[in-house]
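> First, the structure itself, so that you have it in front of you.
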Amino acid sequence: MTRIQKETKDMEALPLVVLLLIFAGAAAVIWVAGIQLSKQTDVLDDRLHLGSALGGLILLAIATNLPEIAITVSAAAANNIGVAVGNILGGIAIQTVVLVILDVFGTKGTEPLSYKAASLTLVIEAVTVVAVLGVVIAGSQMPGSLVAFHLTPAAVLIAVIWILGLILVQRSQKGLPWHQQGDAPGGQDQPKGHSKKKSTDQNRHISTGKSALIFTVAALATLGAGVVLERSGDAIAGHIGLSGVLFGATFLALATSLPEISTGLASVKQGDYKLAFSDIFGGNAFLPVLFLVAVLITGKPVLPQAQATDIYLTALAILLTLTYLLGLLFRPKKKRLGMGTDSLVVLVLYLVGVAGLFAVATMS
């Protein structure tokens, strides 16, 4: 028995109440550490100019998705592919629903989030999400024997599309051959990312070294809490008779989305609506890249092992993303039930989708 298997067995032996407390504690650590990660990432980005180059964008994407990385690595190392895949694909769906929360609780006045944020750059980011998810579906149909050097074609293609998407987004921010550089009239007045500058100014007294130290501690805390979340979550799923895939796609995905909720609310309250959208779409485009990490760790093709629930979640994530993409293009101006029409549609689709997910799980 390996060390990881022994730790998993020990965790499963604990009472359900204790497991729930451990899970809640790990989620709280991710919430607090995630806030610090976001703040110190902004400071380091400003001082080291990380975001001005492609490599910097990649590093920032990794830094902001550490909980998902920790869970994927932990699940893959324990050969628990179902939890890894469910967390990645379920995470995309539930992080898209975070935009509904931001629309309801973050926006001021009568105009919805997508009306204020609308820009062609965000459309490019949404298209990137749809593109990588399309490869996920295609990759699930590939033969399981198609692997070489711990790599599979689908996992590599997902990473390539993500990097190409970053390049296109980077170029679009320098200017697009459209009226008003692709920004919709009547949207936010200040440029995307202005709230980060305010955050950086508030932390101007913190030295670069101290910021790097806080970032490192927060990163380690997030990674450790992510592992605890995965192990305790898997044990909880076993106790309540819920499959690892369903738990990973719902409760576990929600727990790892807590930093996005916190930082997203901070962005929209400062009027940085584009940044809130961009953080969600950017994170969603990055998450499928973790399939490459899982393949490298296990040496096995992960996507061909995808269950019916995984493909279902992928389709749901595409549907939710396309709904917001249309919202960015058509810009609904009125709120319904406290949110934009696109957010309302996304919320209904997600609730119906989760009900359908349980139906798919019981039939497969």
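The values are calculated or read from the model by the stated rules, or taken from the named source; none is laboratory data. Keep in mind that this is a model prediction, so the values were computed, not measured. Backbone-built Cβ (ideal geometry, glycine too); neighbour counts: all protein chains shown. To get the accessible areas, we keep the full protein, side chains included, count just its heavy atoms, and leave off ligands, DNA and RNA. Shrake-Rupley method; radii C 1.70, N 1.55, O 1.52, S 1.80 Å.
> Please specify each residue of the range 104-115 satisfying the condition of being surrounded by 24 or more Cβ atoms within 10 Å (Cβ to Cβ) and among the β-branched types (Val, Ile, Thr).
THR107 - this is the single residue of the range 104-115 that is surrounded by 24 or more Cβ atoms within 10 Å (Cβ to Cβ) and among the β-branched types (Val, Ile, Thr).
> Further question on the same structure: Take the residues of the range 318-356 that are farther than 13 Å from VAL127 by Cα and among the hydroxyl-bearing types (Ser, Thr, Tyr): which is most open to solvent (accessible area, probe 1.4 Å)?
THR341
> Go through the range 69-85 and give me each residue that's open to solvent by less than 10 Å² (accessible area, probe 1.4 Å) and over 13 Å from ARG231 (Cα atoms).
Passing the criteria: only VAL85.
> Let me ask something else. Quick check on LEU223: is it of a type in the set (A, V, I, L, M, F, W, C), open to solvent by 10 Å² or more (accessible area, probe 1.4 Å), closer than 30 Å to GLY109 by Cα and in contact (Cβ under 8 Å) with a residue 12 or more places away in the chain?
So LEU223 does not fit the description; no.
> Go over the candidates ILE88, ILE101 one by one and state the one that is outside any loop (DSSP other than H, G, I, E, B) and surrounded by fewer than 24 Cβ atoms within 10 Å (Cβ to Cβ).
Going through ILE88, ILE101 in turn, the sole match is ILE101.
> Give me the pairs, please: first residue somewhere in the range 108-130 and closer than 27 Å to VAL160 by Cα and part of a loop (DSSP other than H, G, I, E, B), second residue anywhere and acidic (Asp, Glu) and open to solvent by 10 Å² or more (accessible area, probe 1.4 Å), beta-carbon distance under 9 Å, and either six or more positions apart or on two chains.
Note: pairs meeting the criteria are ALA118/ASP183.
> Only residues that are modelled with pLDDT under 85, under 16 Å from LEU48 (Cα atoms) and not hydroxyl-bearing (Ser, Thr, Tyr): list them for the range 206-245, please.
The one that is modelled with pLDDT under 85, under 16 Å from LEU48 (Cα atoms) and not hydroxyl-bearing (Ser, Thr, Tyr): ILE206.
> Can you tell me which of (1) at pLDDT 80 or above; (2) touching a helix residue (DSSP H, G or I) at 6+ places or on another chain (Cβ under 6 Å); (3) under 30 Å from ILE158 (Cα atoms) is the one ASP45 doesn't meet?
Condition (1) is where ASP45 drops out.
> With the requirement that a residue be part of a helix (DSSP H, G or I), polar (S, T, N, Q) and open to solvent by 10 Å² or more (accessible area, probe 1.4 Å), what does the range 227-251 give you?
Scanning the range 227-251 gives a single hit, THR250.
> Another question about this same structure. State whether one or more residues within the range 162-182 are surrounded by 13 or more Cβ atoms within 10 Å (Cβ to Cβ), under 19 Å from LEU329 (Cα atoms) and in contact with a strand residue (DSSP E or B) (Cβ under 8 Å, 6 or more places away or on another chain).
Yes, the conditions are met somewhere in the range 162-182.
> How many residues does the range 137-164 hold that are farther than 20 Å from ASP310 by Cα, in contact (Cβ under 8 Å) with a residue 60 or more places away in the chain and of a type in the set (Val, Ile, Thr)?
2
> Looking at (1) within 15 Å of ALA253 (Cβ to Cβ); (2) of a type in the set (A, V, I, L, M, F, W, C); (3) surrounded by fewer than 23 Cβ atoms within 10 Å (Cβ to Cβ), which one does VAL360 not meet, given that it meets all the others?
(1)
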